[in-house]
1. Test residue 288 against the criterion of being part of a strand (DSSP E or B), of a type in the set (A, V, I, L, M, F, W, C) and modelled with pLDDT under 95, and give yes or no.
2. May I ask you to list the residues in region 8-48 that are assigned to a helix (DSSP H, G or I) and either open to solvent by less than 60 Å² (accessible area, probe 1.4 Å) or of a type in the set (Gly, Ala, Ser) (or both)?
3. Hey, does region 263-270 have a residue that's out of contact with any helix residue (DSSP H, G or I) (no Cβ under 9 Å at 6 or more places or on another chain) and more than 24 Å from residue 179 (Cα to Cα)?
4. Taking the options 255, 235, 251, name whichever one is assigned to a strand (DSSP E or B) and not basic (Lys, Arg).
5. Please count how many residues of region 233-249 are surrounded by fewer than 20 Cβ atoms within 10 Å (Cβ to Cβ) and at pLDDT 95 or above.
6. Residues in region 266-275: is at least one modelled with pLDDT under 95, acidic (Asp, Glu) and farther than 17 Å from residue 193 by Cβ?
7. Quick check: is even one residue across region 49-61 crowded, with 21+ Cβ neighbours inside 10 Å and outside any loop (DSSP other than H, G, I, E, B)?
8. Could you tell me which numbered condition residue 101 fails, if it satisfies all but one of (1) open to solvent by 40 Å² or more (accessible area, probe 1.4 Å); (2) out of contact with any Gly (no Cβ under 8 Å at 6 or more places or on another chain)?
Amino acid sequence: MSEGDATDRYLARIEHLIASLRASGRLLVGDGHARTEACAVALHSSIGPEGSEKTPVNQDHGLVWINDSADPTKPTWITAAADGLTSAFWSERAAALAALAAARAILEKPGIDAADCLDAARFALADYLDDLREDLDATRPATQVPFRSTWQYMLDRGAILQTTLTVAWEFEGRLALVVVGDGGALLEVEGGREIVSACDLETERVNALNPRGDFDDEPAVVISRPIDRPYRLALFTDGIGRGLGVDSLALWDRLEALGGDNPPRSFIEAVCRDEPQSYDDNLTLILIDALRPR
């Protein structure tokens, strides 16, 4: 198996997942903003400040899907933020596969529970890994041995295709949210602000989705509850969380001060310029603004 073969398999899977989501609504991946009568959404994902110590690849993945046809049998919106583990091979691929697969599973079954949602993401990683393993076992030319050796080493260690995942959606007046790892989530409703999921600022070890499906990928947060409009939800990866520190709720005021169509992009551009040492990581921020019923 060559690295090109593995990349082709990955891209084919990604294209299929993206096409299935775009067939049923509007999909934003990595950057963008959109608005329907029910919600306004915006997101931005960045490799981080110039000269960051992270890898030269953005290992984060962020997406938002919105129901632009007002179909009551579908979620109002779906969002996912994933952060591939730097210690794992092809973690950026794990982040994209997990986020897209989880979103598609929710779209296909809006009342899905947390376990089935995570199983869909986990299966996407395991299925890709199985394909690569089959190719690796086949006889290949000697010119491909260096890549094969690297791949086999990571496979033997289990250090491959690992990612955190935070996914949320609204369906029939209920907010659902599932977190594996250290993703952050803030909720603002009339009368209060809440830290739904806090990034872990104390330890280097985090749970993560992986193809093995072992205890390391148990969810840290699972929420399903009625939600009244209007409300706002912010999701972010740990690069944003560590930069914000213990006062993560201050993010709301900073976003309001920035304004514009895409506050997450403005925020990330500002911290990369003005606070690069605090935000020295891949950065993903998603904002869902569920509008007041008309």
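1. No.
2. Within region 8-48, the subset assigned to a helix (DSSP H, G or I) is 8-22.
Those that are assigned to a helix (DSSP H, G or I) and either open to solvent by less than 60 Å² (accessible area, probe 1.4 Å) or of a type in the set (Gly, Ala, Ser) (or both): 10, 12, 13, 14, 17, 18, 19, 20, 21.
3. yes
4. Numbers: 255 fails: assigned to a strand (DSSP E or B); 251 fails: assigned to a strand (DSSP E or B).
Result of the check over 255, 235, 251: 235.
5. Pass one, region 233-249, residues surrounded by fewer than 20 Cβ atoms within 10 Å (Cβ to Cβ): 242, 245-247, 249.
Subset that is at pLDDT 95 or above: 249.
So the answer is 1.
6. no
7. yes
8. With respect to (1) open to solvent by 40 Å² or more (accessible area, probe 1.4 Å); (2) out of contact with any Gly (no Cβ under 8 Å at 6 or more places or on another chain), residue 101 is out only on (1).
The values are calculated or read from the model by the stated rules, or taken from the named source; none is laboratory data. Note that the structure is a prediction, hence the values are computed from the model and not measured. Counting neighbours? That spans all protein chains shown, and the Cβs are built from the backbone with ideal geometry, glycine included. These accessible areas exclude ligands, DNA and RNA; they are computed on the full protein's heavy atoms, side chains included. Shrake-Rupley method; radii C 1.70, N 1.55, O 1.52, S 1.80 Å.
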